[in-house]
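Accompanying notes for the structure given below.
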Amino acid sequence: MSDVPTITKSSWLLILLLAFIWGGTFLVTEIALTEMPPFWIAATRVGLAATVMIPIWGLRGFRLFTTPPTRADLAAVIFIGAASSAVPFSLLAWGQQYVTSGFAGVTMAATALIILPLAHFFVPGEAMSPRKAIGFSLGFLGVVILIGAQAFESTGTALETQGRLACLAAAGCYATSSIIMRRLPAIDAIGLATILLIIATFITIPMALTIEGLPPRPSPPILAALAFLGLLPTAAANFLRVVVIRSAGPVFMSLVNYQVPVWSVCLGALVLNEPLPPSLLYAMVLILAGVALSQYGAFRRLLTRARP
């Protein structure tokens with residue numbers, strides 16, 4: 001793996017695809033919640049995804065590290081497995097009982113702002129410049145405008161403060177796991193994605209059993225929704241996330257956090273006939289401007305390589 005992140009046309013296509021997949025996840029999760037409790041949805045997602053990925057990994061000979069790993073490398077993989085899905089899924093499932101969904105959406109967008117200073121200190125080639133900081137701030141402002149001021153309204157519940165802290169902690173988990181994933185030595189992407197899902201499964205299933213008891217028996221439509229959640233936004237997207245972070249870096253990967261709310265709103269309007277917010281156009285302008293400003297150097301290098 002190169003020490004310096006390499007951003008290519010494929011990198012841009014992958015984060016656009018990831019944003020689209022994750023943007024549609026909210027719709028399907030909403031359907032699944034009509035019959036399944038939240039912790040069992042999280043456990044089913046990662047469990048099914050791990051089941052699908054294990055035979056694919058087996059076809060590659062169960063390869064993982066290119067060279068023998070150290071204890072620190074193994075500890076890092078275990079930490080990433082917990083912090084990239086199991087812990088944040090659980091924190092969000094608990095926190096969203098006490099905060100507005102808009103607040104949860106804003107905290108997920110804040111992941112990009114958390115990653116920026118962390119990458120500056122811990123990831124080679126990811127130095128934070130004023131242009132990057134302004135660009136990421138513009139993108140975050142666009143998400144806030146899109147979601148609206150209601151995201152910061154109080155729900156009046158006794159545990160609202162703790163719920164907000166749980167959502168922020170989930171964002172911190174995503175940011176930290178991305179940084180550590182980038183710092184791993186040479187590793188097979190499919191093997192890493194599979195191991196992370198296996199670790200998450202061993203955490204979420206006991207947690208769901210402890211908190212919610214045995215799962216209910218879902219109807220065929222809910223089974224289809226759970227299958228979708230396990231296959232696309234968990235199995236496939238987890239692999240693509242590993243590929244992007246390992247090649248283009250965690251800062252570039254964090255741009256997905258600004259695109260997901262836009263896709264969520266647009267798909268909600270298209271599939272559920274939800275009204276489009278009047279702020280959508282202004283929000284998209286700010287988000288696109290922020291992405292362009294923060295990734296100006298990457299755009300310039302792509303254009304230079306494209307010239308004959």
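So that you can scan it fast, the table gives a plain yes or no per residue for (1) in contact (Cβ under 8 Å) with a residue 24 or more places away in the chain; (2) under 14 Å from the mean Cα position of the chain (by Cα); (3) closer than 18 Å to Ile187 by Cβ:
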residue	(1), (2), (3)
Ile54	yes, no, yes
Gly58	no, no, yes
Ala75	no, no, yes
Gly81	yes, yes, yes
Trp94	yes, no, no
Ala119	yes, no, no
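Within segment 91-113, how many residues are within 15 Å of Gly148 (Cβ to Cβ), out of contact with any Lys or Arg (no Cβ under 6 Å at 6 or more places or on another chain) and part of a loop (DSSP other than H, G, I, E, B)?
Total satisfying the criteria: 1.
What helices (runs of 4 or more DSSP H) lie completely within segment 207-256 and have 2 or more residues being over 29 Å from Val143 (Cβ atoms)?
Details: elements: 220-230, 237-248, 250-253.
Fully inside segment 207-256 and qualifying: 220-230.
Could we say that Phe239 is more than 27 Å from Val106 (Cβ to Cβ), surrounded by 17 or more Cβ atoms within 10 Å (Cβ to Cβ) and modelled with pLDDT of 85 or more here? Talk me through it step by step, then tell me what you get.
Numbers: more than 27 Å from Val106 (Cβ to Cβ): yes; surrounded by 17 or more Cβ atoms within 10 Å (Cβ to Cβ): yes; modelled with pLDDT of 85 or more: yes.
Yes: the conditions hold for Phe239.
The conditions are (1) of a type in the set (S, T, N, Q); (2) at pLDDT 90 or above; (3) within 30 Å of Ala133 (Cα to Cα), and Ser219 fails exactly one of them. Which is it?
Unmet for Ser219, out of (1) of a type in the set (S, T, N, Q); (2) at pLDDT 90 or above; (3) within 30 Å of Ala133 (Cα to Cα): (3).
Determine whether Gly125 is touching a residue at least 24 places away in the same chain (Cβ under 8 Å) and assigned to a helix (DSSP H, G or I).
no
Would it be correct to say that Glu126 is closer than 30 Å to Arg71 by Cα and of a type in the set (Asp, Glu)?
Values: closer than 30 Å to Arg71 by Cα: yes; of a type in the set (Asp, Glu): yes.
So Glu126 passes the test.
How do the pairs read when you match residues in segment 134-161 that are outside any helix (DSSP H, G or I) with residues anywhere that are loosely packed, with under 14 Cβ neighbours inside 10 Å and among the hydrophobic types (A, V, I, L, M, F, W, C), using Cβ under 9 Å and keeping only pairs 6 or more apart or on different chains?
From residues that are outside any helix (DSSP H, G or I), there are no pairs.
Could you please give the count of residues in segment 60-73 that are within 24 Å of the chain's Cα centre (by Cα) and at pLDDT below 90?
Total satisfying the criteria: 0.
Tally up the residues in segment 35-90 that are assigned to a helix (DSSP H, G or I) and either crowded, with 23+ Cβ neighbours inside 10 Å or touching a helix residue (DSSP H, G or I) at 6+ places or on another chain (Cβ under 7 Å) (or both), please. Walk me through it before giving the result.
Step one: filter segment 35-90 for residues assigned to a helix (DSSP H, G or I), giving 38-59, 71-90.
Then keep just the ones that are either crowded, with 23+ Cβ neighbours inside 10 Å or touching a helix residue (DSSP H, G or I) at 6+ places or on another chain (Cβ under 7 Å) (or both); that gives 38-50, 52-54, 56-57, 76-90.
So the count comes out to 33.
The values are calculated or read from the model by the stated rules, or taken from the named source; none is laboratory data. Given the structure is predicted, the values throughout are model-derived calculations rather than measurements. Ideal geometry is used to build each Cβ from the backbone, glycine not excepted, and the neighbour counts take in all protein chains shown.
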